[in-house]
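Okay, structure first, notes after.
The values are calculated or read from the model by the stated rules, or taken from the named source; none is laboratory data. Computed from a predicted structure; not experimentally measured. Neighbour counts are summed over all protein chains in view; Cβ atoms, including those assigned to glycine, are modelled from backbone coordinates with ideal geometry.
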Amino acid sequence: MKSRKINLKTLFAGALVGLVNGFFGGGGGMIAVPLLEKTLKVPQKIAHATAIFVILPLSLASGIVYASLGSFPWAKGGVVSAGVVVGGGVGALFLGKLPEKVLFWTFTALMAFSGAWMFFR
């Protein structure tokens, strides 16, 4: 078995994504994908797939903390969670089929729209 060194860049990137996800209760993927691509040189589709895979346990951990503090709206949270599961599955299926250029511009547009929405809201 190969011994693996702990890559500090990878550890820092993971900690940053976890911090953002825990602080905002979500949104870690918008940080994870660019970090994986630009900092860790992970190919684009693998970066998106990795972010999808990592977000579930991060979101569960954040949700548990928020629920333990009494800050989780169970009625709305359950409906949104169901939508996230369905949408995440469909999105993961599309990820494998989209050309990288379309994926890049779709993600870029979503990031720009989200930023504008937050800024002008």
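Tell me which residues, restricted to segment 68-121, are within 19 Å of Ile52 (Cβ to Cβ) and of a type in the set (Lys, Arg).
Lys97
Residue under question is Leu56, and the condition is that it be within 19 Å of Lys9 (Cβ to Cβ) and of a type in the set (A, V, I, L, M); does it hold?
Spelling it out, it is not the case that Leu56 is within 19 Å of Lys9 (Cβ to Cβ) and of a type in the set (A, V, I, L, M).
Picking from Phe94, Phe23, Phe104, which residue would you name as being at pLDDT below 85, among the aromatic types (Phe, Trp, Tyr) and surrounded by 11 or more Cβ atoms within 10 Å (Cβ to Cβ)?
On the way: Phe94 fails: at pLDDT below 85; Phe104 fails: at pLDDT below 85.
On inspection, the qualifying residue turns out to be Phe23.
Is there a residue being modelled with pLDDT under 90, surrounded by 13 or more Cβ atoms within 10 Å (Cβ to Cβ) and within 10 Å of the chain's Cα centre (by Cα) anywhere in segment 56-77?
The answer is yes, given that some residue of segment 56-77 is modelled with pLDDT under 90, surrounded by 13 or more Cβ atoms within 10 Å (Cβ to Cβ) and within 10 Å of the chain's Cα centre (by Cα).
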